[in-house]
Amino acid sequence: MLFGRHTKNPIRIPVKPVAKWAYTTCGYCSTGCSIEVGLDAHGHAVTARGVADAPVNAGKLCLKGIFKHELFTSANRGRVPLTRERSYEPFRETTWGTALDKTAAEIQRIQSTYGRDAFAVVSTGQIMTEEFYTLGKLTRGVLGTNNYDGNTTLCMSSAVSGYKRSFGSDGPPGCYDDFDHTDCLLAVGSNLPEQHPVIYWRLKEARDRRQFPLIVVDPRVTVFAQMADMHLPINPGTDVVLLNSLAHVILKENLHARDYIAAHTSGFEEFSKLVGQYDPTTAARLCGIDEDSIRNVARLYGKAEAAMSIWTMGINQSTHGSDGVVAINNLNLVTGNIGKPGGTSLSITGQCNAMGTREFSSCSGLPAYRALENDADRAFMADYWGVDEEFFPTKRGLFQTDIFPAIETGQIKGLWLIATNPMSSMPNTARIRKTLEKLEFLVVQDAYADVETTQYAHVYLPAALWGEKEGVFTNTERRVNIVRRAVNPPGAAKPDLWIFNALAKRFTKPAKLRFPETPAEVFEEMRTLSNGRLCDYSGMTHGAIEKNRGIQWPCNAAHPHGAPRLYTDGGFQHADGKAKLIPLPFVDNNERPDGHYPFWLNSGRVVEHWHTRTKTGKIGNLNKFSPTPYMELNPSAAERLGIRHMEYVRVVSRRSDAVVMAQLTERVAPDAVFIPMHFHECVNRLALGLLDPHSRQPAFKQSAVRIEKIADQKNAALANLVARAY
Ligand SMILES: Nc1nc2c(c(=O)[nH]1)N[C@H]1C(S)=C(S)[C@@H](COP(=O)(O)OP(=O)(O)OC[C@H]3O[C@@H](n4cnc5c(=O)[nH]c(N)nc54)[C@H](O)[C@@H]3O)O[C@H]1N2
Ligand SMILES: Nc1nc2c(c(=O)[nH]1)N[C@H]1C(S)=C(S)[C@@H](COP(=O)(O)OP(=O)(O)OC[C@H]3O[C@@H](n4cnc5c(=O)[nH]c(N)nc54)[C@H](O)[C@@H]3O)O[C@H]1N2
Ligand code: SF4
Ligand SMILES: [Mo]
């Protein structure tokens, strides 16, 4: 097909002969777009398209989705299992039998020598729910280690913790359709147009139709902030102060929903006493938003017929991450904005299946939001799986961010990493490197053989990717959608479900405990055991999910087509059926800029890349738009330091240093810089990552750095190359 000029250098789009379309759900972000992969007559993936009748994306895809099928043939996919005795020796290619026998033997050796909890499992938000459920069964029911967590501790754990504290359970109560009903939208610490482009498209369409006010709270002038009616450039890490102050004004000016508060919440008195201290004048000094703007936003929110809040990592990744979520819930509870069209607290989820792990992986509890701390829940699952109830711990074990220090101190000796790359994604990576060196045994299960963690692995297990296997993902709005197998995995790579099952066979286990082989059989178990729970899948099947292009839980006899919202009747999951209003005193405990380290270091994402770039770094059409580790720096600060646009600079924190290219932009304040998280040996060498006390999530977005000019730009360019070599 020819476009534009037809004679000189015409644009040619090759014809892609599609013989068959395979239905899938995108495996990058949690928007949950339906994608069809186009296969040619030989079964090769040649193109992709958005599914026109899908309720989430109505045919739209962002650029990551458009090029996602290129992953199947991308460089350095793992094709064969690898082993070695010591982590400084070269790997040897081996068979699945040998690799799995060795893994099982090492797990048994470590557990029998040092105790069951000395072997830890850290997984992800990026495999299928059937795989999560099976891994949970293996870990809780067979291995019996309580040190089992996922990278969701870097991502959603503040949202989970905040939902549990406020409503008595995890589970985002709203949906994308709420944009079409709201009269005011507050977006806190979220850059929707870059990180969830198709959710942003839904929001923009709704605003084009109904012109409701959009307020964006972010220290940075993001694309989203530029699209807003009002941008509140908050001081880093002080959102709780702003949110307390909004509640202060709402109560003071009598804009709160008295009847709703009386009928459906507890704790109002202590809550109102605490927010009484956060008058706009006092709050303005702490959070940097002037008092008139605070009053303005509070009035807009309080007077709106329906108002909603969305948030992402600007809230979750903070030392007050869980409190920030609770503060948002408080605001919506006092204004009666939970469970009604356009009135909600909607956490925008990160990874494609961060929701699925929360629902079924047993990481922090037991399947279908069951708790280890609850006797009846333990008894139910013990009976359902056919394991001894005493085998389950009675409270959750270490979070991911506490597992690494426990390796450092020698309490944990072996580690299994599944679809996560902590050598790049954890704060203070130099320390993580040292930590991994200490392990007696590390097994890495990843779709890419070049993932950094393999440098310290004793066994590498090559996994199939999205589209090479089947199963379901749950998106931000609780919609369960399905991925069908489009192509075969490369070489000997296997679906994670197959790997978990094959490993389970190598352990002695109770006679009744079964490990079904197909995703459909596993789904059947999940469906049955979720019956009657908040995340009720009992009315779903794989077939119905595909037919409807996703179904929102709860889906059961009462809601045969799924339900768009939770808590519509004002009943919550705490024992008294009420939601809790929780007072949130603000404690200022971040590492702050000072004379030695005068800049706030902020980090996050760009639209083209996915996390540690194991995937997007290898897709030409994505990588070429953002190939270089860079830093946003305000031109006035640059002038003071004598730094020119596109010069390489050295950024130094109390942990380590990194070389980045300076991009001069007013997007960041004169005392702040922003570095994308995507590059190895870059921003996470610098980040401190203080932990939230409730969720143990790191404050990736608040540390202090200084900037040094580099005289030798040629050498600096080489140092910068190291970070993008992967
Ligand atoms: N293109 C792309 N999309 C993705 C991902 C990806 O890697 N690439 N990853 C997915 C995942 S797992 C996640 S978790 C989401 C993350 O999605 P987002 O949270 O939207 O993305 P981030 O860029 O991490 O951070 C959002 C904003 O938080 C702001 N922020 C920093 N400090 C503060 C603060 O103190 N207060 C407030 N209010 N804001 C602050 C930052 O300036 C930044 O603009 O994106 C998902 N989507
Ligand atoms: N400084 C800073 N650091 C951050 C953040 C930040 O904003 N700033 N954000 C944090 C957040 S929100 C997140 S979610 C984390 C993400 O951190 P990570 O999870 O460590 O990053 P990914 O690159 O997504 O790693 C996923 C790995 O899984 C592999 N993989 C993909 N699909 C499959 C599969 O189906 N099976 C298997 N076995 N492997 C697969 C990929 O190849 C990749 O190596 O980073 C955190 N780190
Ligand atoms: S918005 Fe998210 S789910 Fe949709 S195509 Fe882009 S990366 Fe995939
Ligand atoms: Mo995330």
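The values are calculated or read from the model by the stated rules, or taken from the named source; none is laboratory data. Only a predicted model underlies this, so the values are computations on that prediction, with no experimental measurement involved. Cβ: placed from backbone, ideal geometry, glycine included. Neighbour counts: every protein chain shown. What goes into the accessible areas is simple: the full protein's heavy atoms, side chains included, and nothing from ligands, DNA or RNA. Shrake-Rupley method; radii C 1.70, N 1.55, O 1.52, S 1.80 Å.
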Hits in region 50-81 - residues which are open to solvent by 60 Å² or more (accessible area, probe 1.4 Å) and within 11 Å of ligand 3 (Cβ to nearest atom): Lys60, Ile66
Just checking, how many residues over region 148-168 are more than 16 Å from ligand 4 (Cβ to nearest atom) and open to solvent by 10 Å² or more (accessible area, probe 1.4 Å)? 3
Checklist (1) touching a strand residue (DSSP E or B) at 6+ places or on another chain (Cβ under 9 Å); (2) away from ligand 4 (no atom under 16 Å from the Cβ) applied to Ser30, failing item: (2)
Quick check on my filter: what residues within region 623-682 are part of a helix (DSSP H, G or I) and not polar (S, T, N, Q)? Pro635, Ala637, Ala638, Glu639, Arg640, Leu641
Would you pick out the residues in region 421-471 that are under 23 Å from the mean Cα position of the chain (by Cα), part of a loop (DSSP other than H, G, I, E, B) and of a type in the set (Gly, Ala, Ser)? Ala447, Ala449, Ala464, Gly467
Please go through region 670-719 and give me each residue that is among the polar types (S, T, N, Q), in contact (Cβ under 8 Å) with a residue 60 or more places away in the chain and surrounded by fewer than 22 Cβ atoms within 10 Å (Cβ to Cβ), ordered by number. Gln713
Just to check your reading of the model, which residue among Asp239, Asp208 is closer than 28 Å to Cys352 by Cβ and in contact (Cβ under 8 Å) with a residue 24 or more places away in the chain? Asp239
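A quick yes/no check of all residues on (1) assigned to a helix (DSSP H, G or I); (2) within 26 Å of Asn481 (Cα to Cα); (3) among the β-branched types (Val, Ile, Thr):
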{"residue": "Asp117", "(1), (2), (3)": "yes, no, no"}
{"residue": "Gly125", "(1), (2), (3)": "no, yes, no"}
{"residue": "Leu138", "(1), (2), (3)": "yes, yes, no"}
{"residue": "Gly141", "(1), (2), (3)": "yes, no, no"}
{"residue": "Thr153", "(1), (2), (3)": "yes, yes, yes"}
Can you name the number of the only condition in (1) in contact with a Pro (Cβ under 7 Å, 6 or more places away or on another chain); (2) among the hydroxyl-bearing types (Ser, Thr, Tyr); (3) buried (at least 17 other Cβ atoms within 10 Å of the Cβ) that Thr616 fails? (1)
Mind checking whether some residue in region 460-481 is open to solvent by less than 10 Å² (accessible area, probe 1.4 Å) and closer than 17 Å to Ile107 by Cα? yes
Filter pass, Gln351 being open to solvent by less than 10 Å² (accessible area, probe 1.4 Å), farther than 23 Å from Gln195 by Cα and either modelled with pLDDT of 95 or more or away from ligand 4 (no atom under 16 Å from the Cβ) (or both): no
Are there helices (runs of 4 or more DSSP H) fully within region 209-297 with at least 1 residues that are over 30 Å from His574 (Cα atoms)? List them. 223-227, 280-287
Restricting to region 147-169, what's the tally of residues that are more than 15 Å from ligand 1 (Cβ to nearest atom), closer than 17 Å to Ile127 by Cα and not acidic (Asp, Glu)? 1
What are the pairs with Cβ atoms under 8 angstrom where one residue, in region 448-477, is within 30 Å of Ile551 (Cα to Cα) and away from ligand 3 (no atom under 16 Å from the Cβ) and the other, located anywhere, is in a strand (DSSP E or B) and among the acidic types (Asp, Glu)? Sequence gap at least six, or different chains. Ala463/Asp446
Name the single residue that is farthest from the chain's Cα centre (by Cα) among those in region 18-38 being among the aliphatic types (A, V, I, L, M) and crowded, with 21+ Cβ neighbours inside 10 Å. Val37
